[in-house]
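The values are calculated or read from the model by the stated rules, or taken from the named source; none is laboratory data. Values in this document were obtained by computation on a predicted structure and should not be read as measured data. Neighbour counts are summed over all protein chains in view; Cβ atoms, including those assigned to glycine, are modelled from backbone coordinates with ideal geometry.
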Amino acid sequence: MRIPPFVLAAFALAAVLPTVAATPAQFLDAFAREARQADTAFAASAARGRAFFSASHGGEWSCASCHTEKPGTPGRHAATGKAISPLAPAANPDRFTSAGKVEKWFRRNCNDVAGRACTAGEKADVLAWLLAAK
Amino acid sequence: MSALLHEQAGVVEPRTVKVWDIAIRAFHWSIALCFAGAWLTAESERYRDIHVLLGYTVLGLVAFRLLWGVVGTRHARFANFVRGPAAVAHYLRTLLSGRPERHLGHNPAGAVAIVAMLSLAALAGLSGWALYEDLGGEWLEETHEFLAGAMLAAVGVHLAGVAVASWLHRENLVRAMLTGRKDDPRATP
């Protein structure tokens, strides 16, 4: 399996600079660019992101199980019942501003929901949907 | 080792002495299991409540150990095994010399690992509690993960130390932590 150099670079950056500042739009761009490595016609879709966000992917949970169908509103942890601050950047400007956090939480949550890592295309789609959410 | 050899040689009386009381042994294996479980449940939100429960149990166990380190039996008390850097260096030198200085309770190097593990377990548990109660942000998350990683490293050093000391002293320290008994120093040359 060939890993694109910029993915390695992004990974190294995420490891070295966990709090490196970025904007949600930059993450969307980076994930979409990565997705175009596999599919040159890829364009991020908020509709696909919404469907992915609500689907259970064969497991018990969906993203929405904790983050709700309205990511502009606070969520609730499906196991502990603890409050989770809104995921949509419009409602919570801290979201998707740190490469380390973005890498960490996609890794953890994709494993919990889908039982695997998310593809760059899936992350781009979800981010497009979150950026559109109010 | 000697109990078995003595039995084989027809000596019935086990030449061992009680070193670790039942509370110390129960504490040791409980905190080992709790930390292992907390480590294994850390990566998934599905096990978050179990992870938190194990972390709080670790805090309770550390609190008990601190108390038992003051009022417990002889080899459980900190005053009887926590030594300064000079004693630790001396003990490590005797290990290298091939004539290791025997301590019936914890040796001075083991004491360093114990103090490190108790401190890190307490800090990891407290930071985890603060994190779960939303008392801090991302820095607390990073701190908790760092402390847990440091605790794992300290456990690694502890295990390596147990292996090395068991080998050099020709005594099974893992079994001693299970049975509570060690070879009687008056019975062994």
Take the residues in the range A:55-91 that are part of a strand (DSSP E or B) and of a type in the set (Gly, Ala, Ser); name whichever of them is modelled with the lowest pLDDT. A:Ala83
May I ask you to list the residues in the range B:108-138 that are within 14 Å of chain A (Cβ to nearest Cβ) and among the small types (Gly, Ala, Ser)? B:Gly128, B:Ala130, B:Gly136, B:Gly137
Go through B:Ala89, B:Ala124, B:Ala130 for me and flag whichever is among the small types (Gly, Ala, Ser) and within 19 Å of the chain's Cα centre (by Cα). B:Ala124
Restricted to the range A:33-50 and to residues being of a type in the set (A, V, I, L, M) and over 15 Å from the mean Cα position of the chain (by Cα), the residue farthest from A:Ala128 (Cα to Cα) is A:Ala38
Are any residues in the range B:152-187 more than 18 Å from B:Leu95 (Cβ to Cβ) and assigned to a loop (DSSP other than H, G, I, E, B), and if so, which ones? B:Gly180, B:Asp184, B:Arg186, B:Ala187
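Which residue out of B:Ser127, B:Ser119, B:Ser166 is surrounded by fewer than 19 Cβ atoms within 10 Å (Cβ to Cβ) and within 30 Å of A:Lys101 (Cα to Cα)?
Details: B:Ser127 fails: surrounded by fewer than 19 Cβ atoms within 10 Å (Cβ to Cβ); B:Ser166 fails: within 30 Å of A:Lys101 (Cα to Cα).
Result of the check over B:Ser127, B:Ser119, B:Ser166: B:Ser119.
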Regarding the range B:149-161, can at least one residue be identified that is within 14 Å of chain A (Cβ to nearest Cβ) and out of contact with any Leu (no Cβ under 7 Å at 6 or more places or on another chain)? yes
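Okay, residues lined up against (1) without any contact (Cβ under 8 Å) to a residue 24 or more places away in the chain; (2) within 14 Å of another protein chain (Cβ to nearest Cβ); (3) in contact with an Asp or Glu (Cβ under 6 Å, 6 or more places away or on another chain); (4) surrounded by fewer than 19 Cβ atoms within 10 Å (Cβ to Cβ):
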| position | (1), (2), (3), (4) |
| --- | --- |
| A:Gly49 | no, no, yes, no |
| A:Pro71 | no, no, no, no |
| A:Arg107 | yes, yes, no, yes |
| A:Leu131 | no, no, no, no |
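Taking into account only those residues within the range B:19-52 that are part of a helix (DSSP H, G or I) and touching a Ser or Thr at 6+ places or on another chain (Cβ under 7 Å), which is surrounded by the most Cβ atoms within 10 Å (Cβ to Cβ)? Reasoning before the result, please.
Of the range B:19-52, the ones part of a helix (DSSP H, G or I) are B:22-40, B:45-52.
Subsequent filtering for residues that are touching a Ser or Thr at 6+ places or on another chain (Cβ under 7 Å) retains B:34, B:47-51.
On the way: B:Cys34: 21, B:Tyr47: 18, B:Arg48: 18, B:Asp49: 16, B:Ile50: 15, B:His51: 23.
Step by step, filter the range B:19-52, then rank; the result is B:His51.
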Given the criteria charged (D, E, K, R), within 15 Å of the chain's Cα centre (by Cα), exposed (fewer than 15 other Cβ atoms within 10 Å of the Cβ) and in a loop (DSSP other than H, G, I, E, B), does A:Arg116 qualify? yes
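Here's the yes/no breakdown for (1) out of contact with any Lys or Arg (no Cβ under 7 Å at 6 or more places or on another chain); (2) within 13 Å of another protein chain (Cβ to nearest Cβ); (3) acidic (Asp, Glu); (4) at negative phi:
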{"site": "B:Gly37", "(1), (2), (3), (4)": "yes, no, no, yes"}
{"site": "B:Ala42", "(1), (2), (3), (4)": "yes, yes, no, yes"}
{"site": "B:Asp49", "(1), (2), (3), (4)": "yes, yes, yes, yes"}
{"site": "B:Leu54", "(1), (2), (3), (4)": "yes, no, no, yes"}
{"site": "B:Leu61", "(1), (2), (3), (4)": "yes, no, no, yes"}
{"site": "B:Val71", "(1), (2), (3), (4)": "yes, no, no, yes"}
{"site": "B:Arg77", "(1), (2), (3), (4)": "yes, no, no, yes"}
{"site": "B:Ala87", "(1), (2), (3), (4)": "yes, no, no, yes"}
In the range B:60-72, residues that are surrounded by fewer than 17 Cβ atoms within 10 Å (Cβ to Cβ) and touching a residue at least 24 places away in the same chain (Cβ under 8 Å) total 2
Output the residues belonging to the range A:88-104 that are touching a helix residue (DSSP H, G or I) at 6+ places or on another chain (Cβ under 6 Å) and more than 11 Å from A:Ala22 (Cβ to Cβ). A:Ala88, A:Pro89, A:Glu103
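Going residue by residue through the range A:51-61, is there one that turns out to be within 15 Å of the chain's Cα centre (by Cα), crowded, with 19+ Cβ neighbours inside 10 Å and away from every other protein chain (no Cβ under 14 Å)?
Restricting attention to the range A:51-61, the residues satisfying the condition of being within 15 Å of the chain's Cα centre (by Cα) are A:51-55.
So of that shortlist, the ones also crowded, with 19+ Cβ neighbours inside 10 Å come out as A:52-53.
Now narrow it down to the ones that are away from every other protein chain (no Cβ under 14 Å): A:52-53.
Scanning the range A:51-61 turns up at least one residue that is within 15 Å of the chain's Cα centre (by Cα), crowded, with 19+ Cβ neighbours inside 10 Å and away from every other protein chain (no Cβ under 14 Å).
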Which of the numbered conditions does B:Val82 fail, given that it passes all the others? Conditions: (1) away from chain A (no Cβ under 14 Å); (2) within 29 Å of A:Gly75 (Cα to Cα); (3) outside any helix (DSSP H, G or I). (2)
Taking the range A:73-100 and keeping residues touching a residue at least 24 places away in the same chain (Cβ under 8 Å) and surrounded by fewer than 17 Cβ atoms within 10 Å (Cβ to Cβ) leaves A:Ala90
